[in-house]
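The values are calculated or read from the model by the stated rules, or taken from the named source; none is laboratory data. Keep in mind that what you see is a predicted model, and the values were worked out from it rather than measured. All Cβ positions, glycine included, derive from the backbone under ideal geometry; neighbour counts span all protein chains shown.
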Amino acid sequence: MTAAAAIVVSVVVAWANHDCIELVVASSNEKYELLSDIAKTYPAPPVDRRCVTVRIIEGVGRR
């Protein structure tokens, strides 16, 4: 269920930001909140006249 929801969210975000470049950052569970807060306030500069959005993915790390 979680994977399906992630796919739907990714498609909606991609459609809404079709002219933007998405920077995806993989994060450990421990750093997810910190990186998400930073990403929300980071003024990503445009690249090739296209906007840049930052998305943090949670749950990446050693098991």
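Among the residues of the range 8-32, write down those that are in contact with a strand residue (DSSP E or B) (Cβ under 8 Å, 6 or more places away or on another chain), assigned to a loop (DSSP other than H, G, I, E, B) and modelled with pLDDT of 65 or more. Full working, then the answer.
Our first condition is that a residue be in contact with a strand residue (DSSP E or B) (Cβ under 8 Å, 6 or more places away or on another chain); within the range 8-32, this holds for 13-14, 17, 19-27, 32.
When the remaining residues are screened for being assigned to a loop (DSSP other than H, G, I, E, B), the result is 17, 19-20, 27.
Within the range 8-32, 19, 20, 27 qualify.
Exactly one condition in (1) surrounded by 11 or more Cβ atoms within 10 Å (Cβ to Cβ); (2) modelled with pLDDT under 95; (3) out of contact with any helix residue (DSSP H, G or I) (no Cβ under 7 Å at 6 or more places or on another chain) is false for residue 58; which is it?
Checking residue 58 against (1) surrounded by 11 or more Cβ atoms within 10 Å (Cβ to Cβ); (2) modelled with pLDDT under 95; (3) out of contact with any helix residue (DSSP H, G or I) (no Cβ under 7 Å at 6 or more places or on another chain), the one that fails is (3).
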